[in-house]
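Chemist: One structure is given below, represented as structure tokens, and several questions about it will come after.
The values are calculated or read from the model by the stated rules, or taken from the named source; none is laboratory data. Remember, it's a predicted structure, so these values are computed and weren't measured experimentally. We place every Cβ from the backbone using ideal geometry, glycine too, and count neighbours over all the protein chains shown.
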Amino acid sequence: MSGLVTPSIESLVAYEGGKPIEEVAREFGVASPIKLASNENPLGPSPKALRAAFEALNSVNRYPDGVAFRLRHALAEAYGVGFAEVLHGSGSNELIELVVRTFCTPSDHVIFGQPGFAMYPVIAMAHGVEFTAVPTRECKHDLAGFLQALQPNTKVILIDNPNNPTGTYRDVSQISDFLRQVPPEVIVVMDEAYFEYVTASDYPNSLELRHLRERLIVTRTFSKIYGLSGMRVGVGIGPAHLMNYLNRLRPPFNVGLMSQEAAVAALSDHEHVASSRQHNTTERERLSQGLAALGLEVTPSQANFVLVHFDRPTRSLNQALLERGVIVRPIPMLPRALRISVGTVAENDRLLTALAEVTS
Ligand SMILES: Cc1ncc(COP(=O)(O)O)c(C=O)c1O
């Protein structure tokens with residue numbers, strides 16, 4: 001196949017998400033599997049978002065609003081930023097990819113943490129951009145390590161805070177110091193996919209740190225607490241001239257008509273966000289304690305998932321869980337760990353029971 005694609009695309013392994021519920025039902029003959037593998041909101045979407053999406057369904061003979069005027073307006077107001085500083089993406093994933101695609105040439109360099117969001121290396125490799133993956137320290141991003149990894153051609157730094165798959169975060173003073181120390185020409189992306197779930201009082205809202213450096217882009221998503229993973233809506237917030245460049249490469253109708261309407265409605269449903277956060281806080285704690293009671297080490301998490309460590313490779317454990325209709329997420333880079341999303345009360349109970357069976 002040589003010559004058909006670039007060597008970096010040749011070496012890529014396609015991103016594998018959590019196994020779909022239907023696939024597990026079919027493959028393992030389980031009547032009703034539960035999915036705790038993709039950090040979705042187990043309470044579902046806001047009823048207001050559902051209604052808005054249904055209403056929009058009547059108009060799908062038309063293309064969506066390519067500039068997402070209503071959505072970006074609502075976001076700009078909610079975040080207290082200018083309209084031109086907000087951009088919509090097909091998930092935040094698309095925006096992160098757009099940053100690398102727009103600003104990096106093959107002679108540039110990108111830095112991110114490892115293990116971190118699994119798409120970062122895929123994005124860098126897909127675009128033939130050299131990267132340094134900085135190992136986490138005690139499951140947290142090693143910000144000093146990021147600074148040491150800087151090269152004269154470093155163009156972009158990607159930081160997910162909280163980090164997926166560890167669930168850990170860096171606090172406001174650590175992130176502020178870091179943002180001050182990164183050279184001004186580097187674009188820092190603060191990926192805050194789990195922002196709304198965080199309960200720690202010293203967690204930074206990077207939108208409030210924009211004065212520390214000009215080249216800062218913050219990403220958020222409707223896939224997590226807003227319960228709209230299937231709608232594919234992400235948000236990027238940054239200086240207008242950077243967003244303007246991203247907009248030049250953005251596919252014209254990247255966020256669908258129903259998705260835009262659902263996101264606008266979801267954004268204003270503060271009650272749904274609050275109850276989802278409350279549920280997650282309570283169940284994250286209960287799940288963590290239940291796992292600890294099974295003798296397992298759990299990395300303290302600020303997100304809607306926990307990283308659980310085992311004393312053996314988890315491949316066969318994962319298989320045994322699938323046979324019981326419980327879908328969790330193996331992490332290829334951490335063969336002795338599993339990432340488990342916080343589910344409903346019943347789902348978490350079922351996970352704990354199944355884990356007790358397969359580990360005894
Ligand atoms: C840290 C992080 N960033 C970004 C994403 C992308 O999410 P989406 O494209 O659905 O917004 C995810 C998804 O799991 C994530 O964990």
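Chemist: Which ones in the stretch 226-271 are closer than 21 Å to R210 by Cβ and within 11 Å of the ligand (Cβ to nearest atom)?
Modeler: Listed by number, the residues that qualify are G234, V235, G236.
Chemist: Quick one: which of Y197, Y203 is surrounded by fewer than 22 Cβ atoms within 10 Å (Cβ to Cβ), within 16 Å of the ligand (Cβ to nearest atom) and under 27 Å from S268 (Cα atoms)?
Modeler: On the way: Y197 fails: surrounded by fewer than 22 Cβ atoms within 10 Å (Cβ to Cβ).
Being surrounded by fewer than 22 Cβ atoms within 10 Å (Cβ to Cβ), within 16 Å of the ligand (Cβ to nearest atom) and under 27 Å from S268 (Cα atoms) holds for just one of Y197, Y203, which is Y203.
Chemist: Report yes if some residue within the stretch 21-28 is in contact with a helix residue (DSSP H, G or I) (Cβ under 7 Å, 6 or more places away or on another chain), more than 30 Å from I217 (Cα to Cα) and of a type in the set (G, A, S); otherwise report no.
Modeler: From the stretch 21-28, those in contact with a helix residue (DSSP H, G or I) (Cβ under 7 Å, 6 or more places away or on another chain) are 24, 28; that's our starting set.
Cutting the leftovers down to more than 30 Å from I217 (Cα to Cα) gives us 24, 28.
Next cut, of a type in the set (G, A, S) only: none.
Scanning the stretch 21-28 turns up no residue that is in contact with a helix residue (DSSP H, G or I) (Cβ under 7 Å, 6 or more places away or on another chain), more than 30 Å from I217 (Cα to Cα) and of a type in the set (G, A, S).
Chemist: Pull out all pairs, ordered by first then second residue, where Cβ-Cβ is under 9 Å, the residues are six or more apart or on different chains, the first lies in the stretch 182-195 and is outside any strand (DSSP E or B), and the second is within 15 Å of the ligand (Cβ to nearest atom) and among the basic types (K, R).
Modeler: E192/R220; A193/R220; A193/K224; Y194/K224; F195/R220; F195/K224
Chemist: Shifting gears a bit: With the requirement that a residue be under 28 Å from L334 (Cα atoms) and among the aromatic types (F, W, Y), what does the stretch 96-117 give you?
Modeler: Correct list: F112, F117.
Chemist: Any residue in the stretch 226-241 that's of a type in the set (K, R): show its pairings with residues that are more than 10 Å from the ligand (Cβ to nearest atom) and at pLDDT 95 or above at Cβ separation under 8 Å, as long as the two are six or more apart or on different chains.
Modeler: Close Cβ pairs satisfying both conditions: R232/V255; R232/G256; R232/S259.
Chemist: Does the stretch 272-301 hold any residues that are among the hydrophobic types (A, V, I, L, M, F, W, C) and within 25 Å of H141 (Cα to Cα), and which are they?
Modeler: Quick first cut of the stretch 272-301, residues among the hydrophobic types (A, V, I, L, M, F, W, C) only: 273-274, 287, 291-294, 296, 298.
Result: L287, L291, A292, L296, V298.
Chemist: Hey, another quick one. Looking at the stretch 28-38, which of the residues that are in contact (Cβ under 8 Å) with a residue 24 or more places away in the chain and more than 15 Å from the ligand (Cβ to nearest atom) is nearest to I331 (Cα to Cα)? Lay out the reasoning, then the answer.
Modeler: The initial filter retains those residues of the stretch 28-38 that are in contact (Cβ under 8 Å) with a residue 24 or more places away in the chain, namely 28, 30-38.
Then keep just the ones that are more than 15 Å from the ligand (Cβ to nearest atom); that gives 28, 30-34.
Values: F28: 21, V30: 23, A31: 26, S32: 24, P33: 20, I34: 18 Å.
Within the stretch 28-38, the match that is nearest to I331 (Cα to Cα) is I34.
Chemist: Picking from E297, E285, which residue would you name as being among the acidic types (D, E) and out of contact with any helix residue (DSSP H, G or I) (no Cβ under 9 Å at 6 or more places or on another chain)?
Modeler: Working: E297 fails: out of contact with any helix residue (DSSP H, G or I) (no Cβ under 9 Å at 6 or more places or on another chain).
Just a single option satisfies the conditions, and that option is E285.
Chemist: Does S46 satisfy being away from the ligand (no atom under 16 Å from the Cβ) and of a type in the set (S, T, Y)? Before the answer, list the steps.
Modeler: Values: away from the ligand (no atom under 16 Å from the Cβ): yes; of a type in the set (S, T, Y): yes.
Against the criterion (away from the ligand (no atom under 16 Å from the Cβ) and of a type in the set (S, T, Y)), S46 qualifies.
Chemist: So, in the stretch 165-180, exactly how many residues are more than 11 Å from the ligand (Cβ to nearest atom) and either closer than 23 Å to M243 by Cα or part of a loop (DSSP other than H, G, I, E, B) (or both)? It would help to see each step written out before you state the result.
Modeler: If we filter the stretch 165-180 for residues that are more than 11 Å from the ligand (Cβ to nearest atom), which is where we start, we get 168-180.
The next check asks that each one be either closer than 23 Å to M243 by Cα or part of a loop (DSSP other than H, G, I, E, B) (or both); those that pass are 168-171, 175-176, 178-180.
Final tally of qualifying residues: 9.
Chemist: Follow-up. Could you please tell me which pairs satisfy a Cβ distance under 7 Å, a separation of 6+ or placement on different chains, a first residue in the stretch 76-104 that is without any contact (Cβ under 8 Å) to a residue 40 or more places away in the chain and under 18 Å from R215 (Cα atoms), and a second residue that is away from the ligand (no atom under 13 Å from the Cβ) and part of a helix (DSSP H, G or I)?
Modeler: F83/R72; F83/H73; F83/A76
Chemist: What residue, among those in the stretch 206-224 that are within 14 Å of the ligand (Cβ to nearest atom) and of a type in the set (A, V, I, L, M), is surrounded by the most Cβ atoms within 10 Å (Cβ to Cβ)? Write out each step before concluding.
Modeler: To start, the set of residues in the stretch 206-224 that are within 14 Å of the ligand (Cβ to nearest atom) comprises 206, 217-224.
Filter once more, so that each one left must be of a type in the set (A, V, I, L, M): 217-218.
Values: I217: 27, V218: 25.
In this case the residue turns out to be I217.
Chemist: Still on this model: Restricting attention to the stretch 56-76, report how many residues are surrounded by 13 or more Cβ atoms within 10 Å (Cβ to Cβ) and either of a type outside the set (K, R) or out of contact with any His (no Cβ under 9 Å at 6 or more places or on another chain) (or both).
Modeler: Pass one, the stretch 56-76, residues surrounded by 13 or more Cβ atoms within 10 Å (Cβ to Cβ): 56, 64-68, 70-76.
With the extra rule that they be either of a type outside the set (K, R) or out of contact with any His (no Cβ under 9 Å at 6 or more places or on another chain) (or both), the set shrinks to 56, 64-68, 70-71, 73-76.
Within the stretch 56-76, residues that are surrounded by 13 or more Cβ atoms within 10 Å (Cβ to Cβ) and either of a type outside the set (K, R) or out of contact with any His (no Cβ under 9 Å at 6 or more places or on another chain) (or both) number 12.
Chemist: Could you grab me the full set of residues in the stretch 248-266 that are out of contact with any Gly (no Cβ under 8 Å at 6 or more places or on another chain) and either outside the structural domain of L75 (by TED's automatic domain parsing) or polar (S, T, N, Q) (or both)?
Modeler: In the first step, residues of the stretch 248-266 are kept if they are out of contact with any Gly (no Cβ under 8 Å at 6 or more places or on another chain); the result is 248-249, 251, 256-265.
Across the stretch 248-266, the qualifying residues are S259, Q260.
Chemist: Out of L207, L147, I need the residue that is closer than 29 Å to H309 by Cα and assigned to a helix (DSSP H, G or I). Which one?
Modeler: Numbers: L207 fails: closer than 29 Å to H309 by Cα.
Checking each option against the conditions leaves just L147.
Chemist: Residues in the stretch 318-333 that are more than 18 Å from A25 (Cα to Cα) and surrounded by 17 or more Cβ atoms within 10 Å (Cβ to Cβ): how many?
Modeler: Initial filter on the stretch 318-333 (more than 18 Å from A25 (Cα to Cα)): 330-333.
Those still in the list that are surrounded by 17 or more Cβ atoms within 10 Å (Cβ to Cβ) too: 330-331.
Number of matching residues: 2.
Chemist: Taking the condition surrounded by 15 or more Cβ atoms within 10 Å (Cβ to Cβ) and either over 23 Å from K155 (Cα atoms) or within 15 Å of the ligand (Cβ to nearest atom) (or both), does N41 pass?
Modeler: Details: surrounded by 15 or more Cβ atoms within 10 Å (Cβ to Cβ): yes; either over 23 Å from K155 (Cα atoms) or within 15 Å of the ligand (Cβ to nearest atom) (or both): yes.
So N41 passes the test.
Chemist: Restrict the check to the stretch 125-143 and report whether at least one residue is assigned to a helix (DSSP H, G or I), away from the ligand (no atom under 15 Å from the Cβ), among the β-branched types (V, I, T) and not assigned by TED's automatic domain parsing to the domain that holds T299.
Modeler: no
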